[in-house]
Structures are given as C-alpha cells and as structure tokens.
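Everything below concerns the one structure shown next.
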Ligand SMILES: Cc1ncc(COP(=O)(O)O)c(C=O)c1O
C-alpha cells in the first residue's frame, strides 16, 4: 500500500493482505540498495500465516519517494515514526544486512511494542571497502551489479533458484535499479559509519534469532558469529548459501522464523 | 567469491547442479504431472504464490525450470518461462499485456504466423496492430498511439532478413514507456543479447538454433526485468489487481519478474501451453553446444556466401553480412559476430529453376524449418507460396526464383558440391 508519510509517497508491502493493527506485526527491513522485493518469499508467506506484515520501501527505495536516510540512526527513527503513525503496538523486527543494524538501533528506541528481533545475514558492524563506497557514488548501477554477484552463493553463478525460472542475478540487479540512484551511496556510508553495534547488541532484552549464511561475502559468517555472542540467548542458525538468504533459501529461512515466532509470547 | 561464469560455461551449466541424492550429472527428466505436498500448509503456500515451487507441470516442472533458468542466465534476464512452441510464447506475451481496445505496433516483415496472429487473430479479440517497416525507427515512433501496449519485431526478420536497429527502437519505446518485445529466434543470445541494447522482453522459438537439432518444438519468454509496469491505467493486467489470489498486483509483489508471474498465473493456468519435460531435456542438450554450433553456422554461412556471390547461376544473394544488404551497417553494429545462418538467393531461370535446383540436391534437406544442425532448403515459389503469382509474391517481398537456405554444420565442401549438382540440373533446364 502507498501512504503519505513525512510528506512523501511511501510504499509498504503487506504480503498481499491488508494490515490489521490488532495482530502481531512482522516488520521486515531491507538491506543496502534493496527494497521490499528482497522479501518476496517472506512477505506473502507470513501474511498468509495470519501475521500482519509490513515491508517498507525506505525513502528513495523501490516505490517510495523522499530523500534517502543518511545514517543508521536516521533509518531507525524513520521506522519508529512509521510504526507510531500506523499505531502498531506488537512488533517483531526482521532485518536483513543493513536492516539488522537498523534493528539494533530500533532496539534502543522502541519500548513496549518490540516483542522480538530477528537478524538475517546480520552483524553488529558492516564495514564497506573504499572501492565500493566510491563506486556507489560514481556508478551506482555497476556497484549494484557487483553487490549482486558478491552477495549470492553458488546458486547465483549457476542460475539455481527455488522459484522456477527466476535468476538471482537478473532479478537482483533489476530490484536494485528500481531505487533512486543516490540511495545506494547513503546506505553503504550508513553501514560503514555505524559504530554503536556492540553496545546495542549487548542491550537486547527481547528474544532474538539470528540466521547466518555460510558463504556470506557481505557480512561474513565470522563477523556474524562474533555478533551473536554479544546477544544474550540468541537462537542461531547457519544456512549453506550466500548473503541473499531470503531468496536463496526461502523455505528454510521461513521455517526457522516461523518456529521461532510460534515460541514467542 | 562469485565466479561470474562466461557464456560458454553457462550454456553447459546454468540451471542445474548435480543433485545430492543421485549425483546425476545430466539434468534429470522429471516426467511427472504433479508433486506430492508435504502438508496442506505447503500446498496452500504454493497456490497462493507465497513461495516458489512446483505444484503441477502445466505451471512449472523441475526439468523445464532448469531450461528456463539457463535461458534467463544466457540472456541476462530476471526470469524466463518455457512453453510448447515459439508461437505459444508470442501469444502468451500478447495476451498477458493486451486487452480488448489495446493497440500494438509491429514489424511488417516477420514470420508468417507472427503476422497472422496480430493481423487476423488478435483483432477478433479487440487488439489491433499497425505494421511498420522494421528498419525505420521514425515510422515506429509515429505509429505509437496512447493505447499502444507493446512494440514487437524480429531482430533478424524471417524470411526477409531485415535487421531492426534495436538500440534506436528501444530508446523510442523507453521514452514512451512501452515495452519492446523482440523475437530473437534467428540471433540467439550467442549472436546478440537484446537486453544489453535496451529491449524489455524476448520471445524465442527454441525449435530453431537454441535446440538446434530439429527434434523438439519449444518456445520461451525471457523477461528483462527492466520495464516499469507501475502505470496501473496503462498496464492493468500487470500492476492492477488480478482476478484471483486476493487481487494480487504482480508488479508490487514480484517487481522485475511481474510479467512471468502473471503469465504463469494466467496464461499457463488458463491456456496451458506447457512444454513437456522430455522436450525441455532435448532442447537443453542443444543449448549445451550453442556457442560451438553458432560459431560453425556463421563460419559455414560466410563460406557459402562467397560461393554463391561468385556463382554464375546465381542472380542475387541476400544476407546482412554482405555489404550489398540495405541493413549491413546496422548488422555490423549490433551483430558483430555475424547475423545468422539464413541466406536467401535467386537462381537464374525463375520459378522452374528454383524447383529443379531443390529437386536435384541430395544432402541439403528440403523442408519447412530453419536452425537445424543439418543444411535445410526451401523454395517458397514451388511450395509454401506456389499458389501465388510472381506479382503477388513480389507484393509480399518474395520473388519466385528465391531459395531460402538454412546453413548447417556439414563440411562445407560437401554442401557446395551438392549445390553444384543442383545448379547443373538448372543449367540443363535452361538449355
Ligand atoms: C522468427 C520465428 N519466430 C517464431 C517462430 C515459431 O516457432 P515455433 O515453430 O516454435 O512455434 C518461427 C518458426 O519458424 C520463426 O521463424
């Protein structure tokens, strides 16, 4: 659905069902240069399981207008304001990549409404190399292409896909091309500049789940494993794929998330 | 680290890795109509398009999917869908995008069935087409109306071998927010990848060079994922609410793969032109050697062009790689590896000479197909168009002395020897 938020047209994927604020809401936060389409196979799945689902296109991403947020903190404040505007009081945040950093910051801001945190291919820090930072400014399309190829495991190279007929590379590139050209550079700088991760992770009081990828080139497994050590009682799973876990291993990811959610109060 | 495999490697591998259970190196033929659900929940999630997977072979099948994913990789597209024939692919695209009252701009020089579908069949359903010269981008631009929903043509036209200036035409379509749909059967992704030149949707007859062995009919649609379907008034079938699945908007839910999702949910469900898994396997075997075959097709074509151009019995030769072809410059620019292996030539002596030639050659097969590994010939004047007068044929851009040749992979000296036999018979006739 499209809403007017902070003076800009803002798109929220709802998994093909209407939003019911009285239900538990799963709020999916996309990664750098992505949009709601990185959760194609999660949004509908959980909406049809009876949850309320929102997958916001962050400003200047996907179908949303507005100016890109310029830091992880700004992203988190934007999401917080959105949840307040929508009057959502029972929320599980599910971040992918950069979305995990935003989730960490939201953990500081959201008070009673936050019920759990789910980190997909996450860490407490996402340093970005200077080459990619520069390229995202000079040639965002090329930078996107590189991220799409780095980001996928062997299934990307081999055009293997659980969704019959789909190509991770072709689809991934075009998803990133839907964003405003400046979106990627602010995302990557936001990730690179973020330094609150350790404190934020130690501060998590709600139930937490982390699903990491064995062949992750963007947020390496080693970094993810250090991250989950910082969180008290973080349920952790490792799947055999690349960084784009939601499209590479949709069924496994959905089933892990689903059983975690079913244990929540 | 990603390997970023190149074209030749993808031709062999894309879409399949050996499965863990059996280790089968070749893509298995999943000769099944349906798939056991692990739970009612799983069944529902497939029906609701919550996640990808197979539920019934009319909609998708693992062997067919391997072919689709190979094609998506070779074309650099977001997704692909394979179906029962090239014509089925064409009809699926038109019927997914257009509704009664809509308009199409199409090339006037195309394969007969492509023309017939748009000229005679679709108007019965309220979809009308204006045909324009494919090598005149300005004419295409002026033919676009407010209700135009797609521009269609063949990269290399059959049988006239006109070449579309794809980058120029793509610019026009892009500026008018209309998808450019191209039949890329004659070029295959080996000679040219239309998405790199700005096209949005590709249809293939896999029957021809992609399959390459004249053993299976098949077609495919490859979706570039590079078109914005967001205008709900203009493209209601893609971005407006669907009649099922809770009024899903394919554009919102599937973005770059919206068109393929729409075609699976409507065209494959309601018309059902599915490709058999066994044919998908045969076609994929062909694709494994596409780069090798295309190289040899082009090499042989260039040798035969030399032979024909210099032959005393040949009146004229038409191929875009010859500098006498009106589209030669465009061909050099967009098809630098060569512009395919179809050659048209005229035999001195008209219709009777053509007939005598065809009846005397032994190695080249006289039949109605193109793109086989074997050399094929047809003389429209004594077969497909024999009911037409010379004048009527001319109006359709054909002449009665014309032979259409699909150059195969034989030792080219055996082919030229075979042709000499044909020319000898014509000489006898002319005496
Ligand atoms: C350019 C072109 N497109 C489409 C087709 C139709 O293909 P099929 O026979 O697979 O339906 C043909 C067949 O000759 C063709 O030449």
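Derivation of every value follows stated rules applied to the coordinates shown; laboratory data play no part. None of these values were measured; they are calculated from a predicted model. Every residue, glycine as well, gets a Cβ built from its backbone with ideal geometry; the counts of neighbours run over all protein chains shown.
What the table below lists for this structure:
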| item | result |
| --- | --- |
| Cα shape, region A:132-265, gyration tensor, a/c 1.5 rule | oblate |
| Residue B:384 versus residue B:368: modelled label distance in nm, points set 7 Å from Cα along the beta carbon direction | 0.8 nm |
| Region B:331-366 residues near the modelled residue B:295 label - backbone nitrogen below 20 Å, point 7 Å along Cα→Cβ | B:335-342 |
| Between region B:285-315 and region B:6-78, the Cα center-to-center distance that results, in Å | 35 Å |
| Relative contact order (%) - criterion: Cα under 8 Å, at least six apart; region: region B:43-152 | 22 percent |
| Residue mean of other protein chain beta carbons inside 10 Å, A:168-180 | 6 |
| Cα-based shape type of chain A, given that a ≥ b ≥ c are square roots of the gyration tensor eigenvalues and the cut on a/c is 1.5 | rounded |
| Helix-only CD estimate at 222 nm, as mean residue ellipticity for chain B, using -39500 (n - 2.57) per DSSP H run (n ≥ 4) | -10500 deg cm²/dmol |
| GNM result for chain B, Cα springs below 10 Å: residue of B:18, B:62, B:28 fluctuating most strongly | B:18 |
| Structure-based [θ]222 nm, chain A - -39500 (n - 2.57) summed over DSSP H runs of at least 4, per residue, nearest 500 | -12500 deg cm²/dmol |
| Other protein chain Cβ atoms within 10 Å, averaged over every residue that makes up B:218-224 | 2 |
| Mean separation of Cα contacts under 8 Å, 6 or more apart, over the residue count of chain A: relative contact order % | 20 percent |
| Cα centroid separation - region B:215-266 against region B:101-125, whole Å | 21 Å |
| Gyration tensor (alpha-carbon) shape descriptor, chain B, a/c threshold 1.5 | prolate |
| Principal-axis tilt of helix B:62-75 within chain B, Cα atoms, nearest 10 degrees | 70 degrees |
| Mean separation of Cα contacts under 8 Å (6+ apart) over length of chain B, as relative contact order % | 15 percent |
| Antiparallel content of DSSP bridges confined to the protein assembly as shown, in %, to 5 | 40 percent |
| Sequence ranges A:66-77, B:176-187, ranked by mean other-Cβ count within 10 angstrom, highest first | B:176-187, A:66-77 |
| Exposure proxy order (Cβ contacts within 10 Å, fewest to most) of B:50, B:41 | B:41, B:50 |
| Residue mean of other protein chain beta carbons inside 10 Å, B:69-81 | 6 |
| Degrees, to the nearest 10: B:290-309 long Cα axis against longest axis of chain B | 20 degrees |
| Burial ordering of A:21, A:154, fewest other beta-carbon atoms within 10 Å first | A:21, A:154 |
| Helix B:86-97 vs. chain B, principal-axis angle (Cα, 0 to 90°, nearest 10) | 50 degrees |
| Ascending count of other beta-carbon atoms within 10 Å, so fewest first, for B:99, A:247 | B:99, A:247 |
